[in-house]
1. Which value, in Å², gives the accessible area per residue of the stretch 82-241 when a 1.4 Å probe is used on the protein heavy atoms?
2. What is the set of long-range amide H partners of TYR18 at a cut-off below 5 Å, with H atoms built 1.01 Å from backbone N?
3. Sequence gap at least 6, Cα distance under 8 Å: using those rules, report the relative contact order of the stretch 222-370 to the nearest whole percent.
4. Post the alpha-carbon centroid distance, the stretch 240-279 to the stretch 45-64, in whole angstrom.
5. What angle, in degrees between 0 and 90 and rounded to the nearest 10, separates the Cα long axis of helix 293-305 from the longest principal axis of the Cα atoms of the chain?
6. Starting from the exponent 0.38 and prefactor 2.2 Å, build the expected Rg for the stretch 80-224 from its residue count and divide its actual Cα Rg by it.
7. Need one number: nm distance between label points at ARG43 and ASP91, each 7 Å from Cα along Cα→Cβ, rounded to one decimal.
8. Send over a whole-number figure in Å² for the accessible area per residue of the stretch 254-347, probe 1.4 Å.
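The values are calculated or read from the model by the stated rules, or taken from the named source; none is laboratory data. Predicted model only: the values in this text are computed from it and were never measured. All Cβ positions, glycine included, derive from the backbone under ideal geometry; neighbour counts span all protein chains shown. All accessible areas refer to the heavy atoms of the entire protein, side chains included, with ligands and DNA or RNA removed. Shrake-Rupley method; radii C 1.70, N 1.55, O 1.52, S 1.80 Å.
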Amino acid sequence: MSAASERRVRVELGERSYDVVIGSGLLAHAGRWLEPLLERPRRLVVITDPHVAAAQLDRLRAGLGNRGADIITVPTGERAKSWGELERLLDRLLGLTIDRRTLLLALGGGVVGDLAGFAASIALRGLDFVQLPTTLLAQVDSSVGGKTAINTAAGKNLVGAFYQPRLVLADVDCLDTLPARELRAGYAEMVKHAVIADRPMFEWFEDHGAAVIAGDAAARGRAVEHSCVTKAAIVGADEREGGVRAHLNFGHTFGHALETATGFGDRLLHGESVALGMVMAMRLSEHVLGCPADDTARLTAHLAALGLPTRLADVAGPPLDPRATIAHMAVDKKAKGGRPSFILAPRLGEVRVVDDVDPRLVEAAFVATA
Ligand code: GLY
């Protein structure tokens, strides 16, 4: 994508509205993009992790020009989303004698964005922050929409805030150095956005998905933009997940159970659990909503063709016990009265929330995905 072809998506939330800018060279010209937020001298603090810092920080520093920034690094990986790391981050921030006008820049993937965003929401009762997502998953999902959180003993993402960034800069150049496995995991969330709301776009993914993964800049730009447009529309309509925002959780009820059972680690990345969870959700949809089996087969074939897990056998390590795994759904924060609600598809391109699903059908969908 050339410097002139940035794509801009507006998240409409009244006075908290903001742009998601998608394009090449955004970090290298960060100062220019941040200019509207920097009318008066303003202290900048970059929050990042050591891996991202090694790959992207020089580029961002150069992009900020002579505007200095303090850098705070947090540990790499999910363990950074903890009370302890939140406390350490806040202590370091407050140790910089920041004020209410300090602007935080969250440079990294979903973990950095979630932790830095939550810290921004509570430091001095709320600091402005900008998301600089460096992974595909963060660019198409977690950096957009203002969900911020840490994990606690009770579960993942159970303590946090809806707190919107002032701007999101999704620099697609960052994707060039992303490990292939992480790229594919992010791709699953992009396909999800087509499955829940846009069948023609799913068909586009069938034709262009390989190009997106291979690094075709135009295909990547279009795909990332589609996800951001879909997500922006949903968040604009239902910021706090009272209704339609729940549709974004398609594949996540099974996925969350799979992630919990595999320890939220390298065995199954979040996006991979969503891929497998979507296949299970489609199978369940066949029984609950009469979704055509052909639609399940198409989604499964597409995900598998791009190297994503679509069967339990694709998950490394010991076999997952269906009942024990499914039991993790009950602790999901979206569960009502101990029974999870499901996002199910009457057909590819359309979903709805379904409560009170017969647990035997849930188990059957799980087992059928062996
Ligand atoms: N990732 C789901 C949401 O932002 O609502």
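1. Values: 5470 Å² over 160 residues.
Averaged over the residues of the stretch 82-241, the accessible area is 34 Å².
2. VAL11, LEU13
3. 26 percent
4. Centre-to-centre (Cα) distance: 29 Å.
5. 50 degrees
6. Expressed relative to 2.2 N^0.38 Å, the Cα Rg reads 1.15.
7. The answer from the label model is 1.8 nm.
8. Working: 3770 Å² over 94 residues.
For the stretch 254-347, the solvent-accessible area averages 40 Å² per residue.
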